[in-house]
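Heads up, the thing below is written out as structure tokens.
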Amino acid sequence: MDKSKRSFLKSKRSFRRRLPPIESGDRIDYRNMSLISRFISEQGKILSRRVNRLTLKQQRLITIAIKQARILSLLPFLNNEKQFERTESTARTRTTGLRTRKK
């Protein structure tokens, strides 16, 4: 066999099938915080379906549950406390440096 033809052959690697992130017994609900928190990034964003390895129906239910939990104040809308502290300190320095007009 030529080397050029060998590159097109699929390699037969063994791979371990990933377990689904949601078990059949898990109920997707806004009160199930241990389940919901697995599908939120550190910044508080909802992770995509490709990252979560969920079906379309599961992703829709997770999204609805996360939004309901946010509305009921079980989850924060944003999770960026460090960024907020930084912007708050810069806002103070800007307000103290105001100049007054001389007439």
*asked:* Need pairs with beta-carbon distance below 9 Å; first residue assigned to a loop (DSSP other than H, G, I, E, B) and within the range 58-76, second among the polar types (S, T, N, Q) and open to solvent by 30 Å² or more (accessible area, probe 1.4 Å); sequence gap 6+ or separate chains.
replied: L74/Q68; L75/S37
_Which numbered condition G44 fails, given (1) under 16 Å from the mean Cα position of the chain (by Cα); (2) at negative phi; (3) open to solvent by less than 50 Å² (accessible area, probe 1.4 Å)_ = (2)
*Contacts under 7 angstrom Cβ, first residue in the range 10-30 being exposed (fewer than 10 other Cβ atoms within 10 Å of the Cβ), partner assigned to a loop (DSSP other than H, G, I, E, B) and at pLDDT 75 or above, 6 or more apart*: R18/R53
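The values are calculated or read from the model by the stated rules, or taken from the named source; none is laboratory data. It should be emphasised that the depicted structure is a prediction, and the values quoted were computed from it without experimental measurement. Quick reminder, even Gly has a Cβ in these numbers, built from the backbone with ideal geometry, and neighbours come from all protein chains shown. Quick note on the areas: whole protein, heavy atoms, side chains included, nothing else; ligands and nucleic acids left out. Shrake-Rupley method; radii C 1.70, N 1.55, O 1.52, S 1.80 Å.
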